[in-house]
């Protein structure tokens, strides 16, 4: 085996910097948690627009979905961080700056809201209209029906698909190092700059991401399966 | 003395676009009585039932539940206006509806389905609602299934849960929209026997049905609908036994032979 091979699998340097790197990984988790919240909230709002009875609402929802689903997350992160403050600043006539963490959350949150909107929409449309009529016939108001009858079923139905999107979103958090959010990749680059040993550090980062995503996603799938499947015969 | 009917329908009309489904239907349902609606598919019976609790908005006409206008009311200038949804929802609690497809909420247990509206709509405490829910499940003979999920029940059991759910809102009348039409014949009887018991208890009921034997046995009145109009109405022995209208005779001949 060549030296390069052994170098790339010798993770001692990675382990040596574990504290700095772990702090970086936590940043990935923070960015993930915040942008997932934004994506879910905005995605649900967009989905409700998409299934609205009146066309102007549906149209706004569709524009939202197509705009963000078709925007590369890399470009969006850069655009929100560098271009958006210039545009907003020009509008209000003041210099604006957005904190890198906030830019990352907005960019990823909105890009993924496009995907979540479609998942929510498919989930909502899969609910038989009879379930809603039965609730109406009992005198339930629309908001109550959404909260008690529709969403609990939608969540169960969309969970497998949503887990895949959460995985993509978590992977996408690795690009926030571009705008200097101190995540794992950012810390890895910093360590590489001092240690000059990119192979083991990149390998370590890859393995870490893989392990985190694999175990969390598998755990969520396993734990939610029984709960989800109660609704099916 | 004129007794206020539990449900009064006056000149009810409903269009879907150019299609006129109900062309002016009027009838009364007195408290404690059972009215069956029969007729071919497309005759407007389901639409009529759905108009009564405003799942469909009538194009014109009036519906009174215990004398109170459902859906519409007159404003100060005497103009007829659609009631706000919140008022329609209040009125809907007075009518329990049972659907052909059961429409149980699959993510809730049987008891959860039954106590949902008492808690969220009637504002009962959980404890009160559970007591009421258990009582309603006992009336449909499903007390032992309270903790099951609907997916684990047979069609007949699901429909009985749906009946318990409708009873739990403590309505003034029950509306049944072809409650046995999506059941296998051997499951039909368990649902009909529960409905027979309800009728025996003096529950006010409107039943859209194709079960002629049931209609004859349980109903106080039978309405035969044809093309959006009541073609014939009267006591079951008359409408089902000796119909005056030719169309009603033709319709019934398909069921009796």
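The values are calculated or read from the model by the stated rules, or taken from the named source; none is laboratory data. Since the model is a prediction, treat every value here as computed from it, not as a measurement. For neighbour counting, all protein chains shown are included, and Cβ atoms are generated from backbone atoms with ideal geometry for every residue, glycine included.
If you go through the stretch B:124-175 and keep only what is more than 14 Å from every other protein chain (Cβ to nearest Cβ) and in a loop (DSSP other than H, G, I, E, B), you end up with B:125, B:140, B:141, B:142, B:146. Taking residue A:199 as the residue in question, decide whether it is surrounded by fewer than 21 Cβ atoms within 10 Å (Cβ to Cβ), in contact with a helix residue (DSSP H, G or I) (Cβ under 8 Å, 6 or more places away or on another chain), part of a helix (DSSP H, G or I) and within 14 Å of chain B (Cβ to nearest Cβ). Against the criterion (surrounded by fewer than 21 Cβ atoms within 10 Å (Cβ to Cβ), in contact with a helix residue (DSSP H, G or I) (Cβ under 8 Å, 6 or more places away or on another chain), part of a helix (DSSP H, G or I) and within 14 Å of chain B (Cβ to nearest Cβ)), residue A:199 does not qualify.
The strands (runs of 3 or more DSSP E) found entirely in the stretch B:187-257 that carry 1 or more residues being surrounded by fewer than 18 Cβ atoms within 10 Å (Cβ to Cβ) are B:229-234. Give just the number: which of (1) within 14 Å of chain A (Cβ to nearest Cβ); (2) more than 30 Å from residue B:143 (Cα to Cα); (3) in contact with a strand residue (DSSP E or B) (Cβ under 7 Å, 6 or more places away or on another chain) does residue B:24 not satisfy? Looking at each condition in turn, residue B:24 falls short on (1). In summary, residue B:32 fulfils each of the numbered conditions (1) within 20 Å of residue B:170 (Cβ to Cβ); (2) at pLDDT 95 or above with the single exception of condition (2). Taken over the stretch B:102-140, the criterion of being under 22 Å from residue B:195 (Cα atoms), surrounded by fewer than 20 Cβ atoms within 10 Å (Cβ to Cβ) and in contact (Cβ under 8 Å) with a residue 40 or more places away in the chain is satisfied by B:139 alone. Total residues in the stretch B:95-127 satisfying the condition of being over 30 Å from residue B:30 (Cβ atoms) and over 20 Å from the mean Cα position of the chain (by Cα): the figure is 12. Number of residues in the stretch B:45-70 that are under 17 Å from the mean Cα position of the chain (by Cα) and part of a loop (DSSP other than H, G, I, E, B) equals 8.
At least 2 residues being free of Cβ contacts under 8 Å to residues at least 24 places away in the same chain and more than 14 Å from chain B (Cβ to nearest Cβ) is the threshold, and among the helices (runs of 4 or more DSSP H) wholly inside the stretch A:66-171 those reaching it are A:84-92. For the condition modelled with pLDDT of 90 or more, surrounded by 17 or more Cβ atoms within 10 Å (Cβ to Cβ), touching a helix residue (DSSP H, G or I) at 6+ places or on another chain (Cβ under 8 Å) and more than 14 Å from chain A (Cβ to nearest Cβ), residue B:58 qualifies.
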